[in-house]
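Enquirer: Sending over a structure as structure tokens; questions will come in a sec.
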Amino acid sequence: MNILILGSGGREHAIAWKLNQSKKLQQLYVAPGNAGTAQIAKNIPIGVNDFASIRAFVLENEVNMVIVGPEDPLVNGIHDYFLEDNDLKAIPVIGPQKMAATLEGSKEFAKEFMMRHDIPTARYESFTSVNVEEGYKFLETLNPPYVLKADGLAAGKGVVILNNLEEAKTELRAMLVDEKFGSASSTVVIEEFLDGIELSVFVLTDGTNYKVLPTAKDYKRIGEGDTGLNTGGMGAISPVPFADETLMHKIEQQIVKPTVEGLKRDNLPYKGFIFIGLIKVGEEPKVIEYNVRLGDPETEVVLPRIKNDLVSLFQAVANGSLDKLDLELDERTTTTVMTVSGGYPGNYEKGKKIKGIESITDSLVFHAGTTLKDGSVVTNGGRVMAITSFGTDFKSALKISYKNVEKLSFEGINYRKDIGFDL
Ligand code: AMP
Ligand code: GLY
């Protein structure tokens, strides 16, 4: 098989690393990829939303399957684009069609989906600029903190949580009337604050059957103790220690099953990953969000724990036979620590030479924002490189990740030293 992966982060490097272990793989391409994917696949300088160039490349190079890493091309309808093209329609795309991708593309759509299918989530109402006043009134019925969510994709910044009612009203106005997040906040979902601990569950579905993949917990804030600005994710752990059998049973029965069945009932074709962001409130799991892809850096801890051949799993997704496969998991714990550029998630410089990669032998190195310049690996983004390790528990795995992170150096390198602090 010739396979094309779309994307350029640590997630895509981890997918490439896993696919590369398959005997079924002939040629692996990544568009656009990074310095890590360049070592195990052929990087193609095509953007993930440039469907016409992707089409030309796929046909010219006899690509047999396309794996979509980030949400953007899915929300923009890349899967539908393939299905609507006579030359492309037989080539499987892993990732949902546009309508189903709206689960991530619109918070309001996701909330309505959960209501329709009785999936536990926070109480909410949604507002536009024509009913700001009603929004204020709804805020007055809630207890602080107040959770305001821009409906559309806002590069992970569209959720604002405020303690003060007046501030919440001002923010609502800024989002709806002053278009703080552009058209992404022309609708705002206000919801009840859920107090609990977060975890993520990943599901692979062929539209009918599904497999619940390993759980993971990521650490989104830049600062230790979960302080400071949100990032894409500074580290992750799998499995989540508190996700015991009882909780997982509830998650599967109350959330995963109704989600997959709901997609089918609503006629929303879905072949790909579902990333369910959850909060455990007391003993009960509730959904905070759906993403229509794998997480980053969660993928860097989830995929190393899956023993199955990933090409075979994707083939089963494509032809609707996931029920014929058994998922085999590595029982060990994996942890990943993300190194980032100095200044991230604010302004940062790129092009810093990365040293010490080759001295890491007992961890997996997944490149995120890296590129090759004059034969050297240099930084090329905010999140630079994730160091994944195995252990009997998360503490022993983290020890190895941190030992190896210390071997890496580039100007301005930063990372969180307290991954797992809350467990
Ligand atoms: P989202 O973009 O929906 O994942 O939201 C970003 C973050 O905001 C989540 O990871 C949670 O930490 C937090 N969050 C979102 N919704 C709620 C809620 N209803 N209650 C408490 N925290 C929330
Ligand atoms: N790490 C969170 C995400 O991928 O959305």
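Read-outs throughout are calculated quantities, based only on the coordinates presented, and are distinct from any laboratory measurement. These numbers come from a predicted model, not from an experiment. Positions of Cβ are generated from backbone atoms using ideal geometry, with glycine treated the same way; all protein chains shown enter the neighbour counts.
Enquirer: To the nearest 20 Debye, how big is the dipole of the chain about its Cα centre, given +1 on the beta carbon of each Lys and Arg and -1 on that of each Asp and Glu? Walk me through the numbers on the way to the answer.
Expert: Values: 46 positive and 58 negative charges, 233 e Å.
That gives the chain a dipole magnitude of about 1120 debye.
Enquirer: Also, I was wondering about something else. Using Cα positions and a limit of under 19 Å, work out the lysines in reach of residue 111, with same-chain residues fewer than 8 apart set aside.
Expert: Qualifying lysines at Cα under 19 Å: 98, 149, 157, 257, 264, 280, 286.
Enquirer: Compute from the Cα atoms of region 139-228 the Rg and the Dmax, the latter being the longest Cα-Cα distance, and quote both in angstrom.
Expert: 16.2, 47
Enquirer: If you take every DSSP beta bridge whose two residues both sit in the chain, what share of them, in percent to the nearest 5, is antiparallel? Before the final figure, lay out the partial values.
Expert: Values: 61 of 76 bridges.
Around 80 percent of the beta bridges assigned by DSSP in the chain are antiparallel ones.
Enquirer: Does the chain come out rounded, prolate or oblate by the C-alpha gyration tensor, with a ≥ b ≥ c the root eigenvalues, rounded set by a/c under 1.5 and, if not, prolate when a/b is larger than b/c and oblate if not?
Expert: Because its axes are fairly even, with a/c under 1.5, the chain counts as rounded.
Enquirer: Still on this model: Can you show me the helix-derived [θ] at 222 nm for the chain, built from DSSP H runs with n ≥ 4 at -39,500 (n - 2.57) apiece and divided by the number of residues, rounded to the nearest 500.
Expert: One gets -7500 deg cm²/dmol as the mean residue ellipticity at 222 nm.
Enquirer: On to the next question. For region 1-65, run through the trypsin sites (Lys or Arg not before Pro) and keep only the ones in DSSP coil with at most 11 other Cβ atoms within 10 Å of their Cβ.
Expert: For trypsin sites (Lys or Arg not before Pro) across region 1-65 that sit outside H, G, I, E and B with at most 11 neighbouring Cβ atoms in 10 Å, the list reads 23.
Enquirer: Report, ordered by chain and residue number, the lysines lying within cross-link reach of residue 350, taken as a straight Cα distance under 16 Å and ignoring same-chain residues fewer than 8 apart.
Expert: 373
Enquirer: Now for a different question. Across 10 Å bins from the origin, how do the percents of Cα pairs in region 59-196 run, short distances first?
Expert: 12, 35, 27, 15, 9, 3
Enquirer: Over 25 Å between Cα atoms, which of 107/417; 180/271; 307/399; 220/417; 211/395 qualify?
Expert: Too far apart for the 25 Å limit: 107/417; 180/271; 211/395.
Enquirer: What residues have an amide H closer than 5 Å to that of residue 281, excluding those fewer than 5 places away on the same chain, when H is modeled at 1.01 Å from N in the peptide plane?
Expert: 286
Enquirer: How large is ³J(HN,Hα) for each residue in region 279-284, as worked out from phi by the Karplus curve 6.51 cos²θ - 1.76 cosθ + 1.60 (θ = phi - 60°), to whole Hz, x for Gly and Pro?
Expert: So the J values, rounded to whole Hz, are 10, 8, 9, x, 9, 10.
Enquirer: For region 1-75, what does the alpha-carbon gyration tensor say about shape, rounded, prolate or oblate, given a ≥ b ≥ c as the root eigenvalues, a/c under 1.5 as rounded, and a/b over b/c as prolate?
Expert: oblate
Enquirer: Take every Cα pair under 8 Å in the chain that's 6+ residues apart, average their separations, divide by the length, and report that relative contact order as a whole percent.
Expert: On the way: 974 pairs, mean separation 70.2, N = 423.
Result for the chain is 17 percent.
Enquirer: If you don't mind, there's one more thing I want to ask. Mind checking which aspartates and glutamates have their C-alpha under 14 Å from residue 352, skipping anything on the same chain fewer than 8 residues away?
Expert: By straight Cα distance, residue 352 reaches 374, 411.
Enquirer: Tell me the trypsin sites (Lys or Arg not before Pro) within region 302-411 that lie in a loop according to DSSP and have at most 14 other beta-carbon atoms within 10 Å.
Expert: Those that pass, being in a loop and sparsely packed, are 307.
Enquirer: Continuing with this model, one more query. Treat each spin label as a single point 7 Å out from the Cα along the C-beta direction, and report the residue 83 to residue 347 distance in nm.
Expert: About 4.5 nm, to one decimal.
Enquirer: Treating the beta-carbon of each Lys and Arg as +1 and of each Asp and Glu as -1, no other charges, what is the dipole magnitude of region 342-387 about its Cα centre, to the nearest 20 debye?
Expert: Computed about the Cα centre, the dipole is about 180 debye.
Enquirer: Under the 0.36 nm per residue contour assumption, what length would be gained going from the current alpha-carbon distance of residue 242 and residue 421 to full extension?
Expert: That pair, residue 242 and residue 421, stretches by 63.1 nm at full extension.
Enquirer: Given H placed 1.01 Å from N in the peptide plane, which residues other than close sequence neighbours of residue 384 have an amide H under 5 Å from its amide H?
Expert: Excluding prolines and chain starts, which carry no amide H, the hits are 339, 340, 341, 369.
Enquirer: Right, next: Within 10 Å of each candidate Cβ there may be at most 14 other Cβ atoms; applying that plus a DSSP loop requirement, which trypsin sites (Lys or Arg not before Pro) in region 145-200 survive? Please report the intermediate quantities before stating the final value.
Expert: Working: sites: 149, 157, 169, 173, 180; in loops: 157, 180.
When the trypsin sites (Lys or Arg not before Pro) of region 145-200 are filtered for loop state and at most 14 Cβ neighbours within 10 Å, 157 remain.
Enquirer: For the pair residue 393 and residue 53, how long in nm is the line joining their label points, each one 7 Å along Cα→Cβ?
Expert: Using points 7 Å along Cα→Cβ, the separation is 4.9 nm.
Enquirer: Test of understanding: what is the full-extension gain from residue 26 to residue 186, defined as 0.36 nm times their sequence separation minus their Cα-Cα distance?
Expert: Stretched fully, the residue 26-residue 186 segment lengthens by 53.0 nm.
Enquirer: Please state the relative contact order of region 220-269 as a whole percent: Cα pairs under 8 Å, 6+ residues apart?
Expert: Across region 220-269, relative contact order equals 19 percent.
Enquirer: How many nm separate the modelled label positions at residue 173 and residue 312, each set 7 Å beyond the Cα in the direction of the Cβ?
Expert: 6.1 nm
Enquirer: Okay, moving on. Name the helices (complete DSSP H segments) of the chain with a Cα length along the long axis of 15 Å or more and a Kyte-Doolittle mean of at least -0.5, or state none.
Expert: 165-176, 394-405
Enquirer: If r is the Cβ-Cβ distance from residue 137 to residue 159 and R0 is 30 Å, what FRET efficiency results, to the nearest 0.05?
Expert: 0.90
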